[in-house]
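Just below is one structure, and these are the notes that go with it.
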Amino acid sequence: MELKVIQLLSSAPLRADPWNHTIPLFEVLDVREWSIIVTPEWGFGHWEPCASIEEYLEYARQLLQGLAFMHQKGIIHVIVEYMPLSHSPDTLAEMRKIERELNLPDGSLLSTCQIKPIHRRSLGQKSAHIITKFTTTKAANQSIRDGIIVAGKCTWARRMKREPHQCLKCQRYNSRVHQPG
């Protein structure tokens, strides 16, 4: 999870929304290069099976409500390909610079993170793919249309592809048989 997304979802107006099922954020402790988030106890580290069908249905309902809530609040994911490694995805100044170059309002770019962990990079690698989170559809579409310039290099963005939908009733992918309407 990313700090900025958790902070946004824990803000007072969003916290009051009954569809917001994210774990509340109490505090952020900055220790050197790390940010430690303080939240209520979240469980025992493993998922305990539900005791009844009703509990499974309630779990699924809350999960789907939470996904719909994030989508409604405009957290839009875009992949930026071949971003130079000189770009530091965790730096707020870098994100604000990208917003200025695209003429986007401050705060339009919520966060960026590299897809591949640093320890899995090949020796001499010069670029990497990153996931960006935008707060508006307009900002995401503009980055896809115009590209993003970082360190003098124009990088291209694309929409993240969705996973195929699996019907909960028949377990088939992209099934239209059991869909309402």
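Rounded, prolate or oblate: which one fits the stretch 46-146, using the alpha carbon gyration tensor with axes a ≥ b ≥ c (rounded when a/c is under 1.5, else prolate when a/b beats b/c, else oblate)? Let's see the in-between values first.
Values: a/c = 3.27, a/b = 1.60, b/c = 2.05.
Verdict is oblate for the stretch 46-146.
Accessible area per residue of the stretch 107-158 at 1.4 Å probe, in Å²? Before the final figure, lay out each step's value.
Details: 2960 Å² over 52 residues.
Ligands and nucleic acids excluded, the result is 57 Å² per residue.
What is the sum of charges, Lys and Arg at +1 and Asp and Glu at -1, for the other residues whose Cβ falls under 14 Å from the Cβ of residue 126?
Net local charge, residue 126 excluded: +2.
Can you give me the long-range amide H partners of residue 110? Hydrogens built in the peptide plane at 1.01 Å from N, cutoff under 5 Å, separation of 5 or more residues or another chain.
Residues meeting the criterion, in which the H sits 1.01 Å from N, are 133, 134, 135.
Can you list the HN-Hα couplings for the stretch 63-70, worked out from phi with the Karplus curve (6.51, -1.76, 1.60; θ = phi - 60°), rounded to whole Hz and with x for Gly and Pro?
4, 5, 4, x, 5, 5, 4, 5
Could you order 160, 83 by accessible surface area, starting with the largest, using a probe radius of 1.4 Å? Before the final figure, lay out each step's value.
Working: 160 65, 83 5 Å².
Highest to lowest solvent-accessible surface, that is 160, 83.
Can you pick out the pairs among 73/116; 73/97; 4/126; 4/153; 4/73 whose Cα atoms lie more than 20 Å from each other? Don't jump to the answer; show the numbers that get you there.
Details: 73/116 27 Å; 73/97 24 Å; 4/126 27 Å; 4/153 26 Å; 4/73 14 Å.
Exceeds cut-off: 73/116; 73/97; 4/126; 4/153.
Using heavy-atom solvent-accessible surface (probe 1.4 Å) with all chains present, what is the largest-first order of 149, 118, 76?
Largest to smallest exposure gives the sequence 118, 149, 76.
Ordering 87, 129, 71, 119 from largest to smallest accessible area (1.4 angstrom probe), what's the sequence?
Of 87, 129, 71, 119, the descending order of accessible area is 119, 71, 129, 87.
Counting only protein heavy atoms, what percent of the accessible surface of the stretch 1-140 is carbon or sulfur at a 1.4 Å probe?
60
At a probe size of 1.4 Å, how large is the accessible area of residue 154, to the nearest 10 Å²?
50
The values are calculated or read from the model by the stated rules, or taken from the named source; none is laboratory data. These figures come from a predicted structure and were not determined experimentally. All Cβ positions, even for glycine, are placed from backbone atoms using ideal geometry, and neighbour counts span all protein chains on display. With ligands, DNA and RNA removed, areas are computed over all heavy atoms of the protein, side chains included. Shrake-Rupley method; radii C 1.70, N 1.55, O 1.52, S 1.80 Å.
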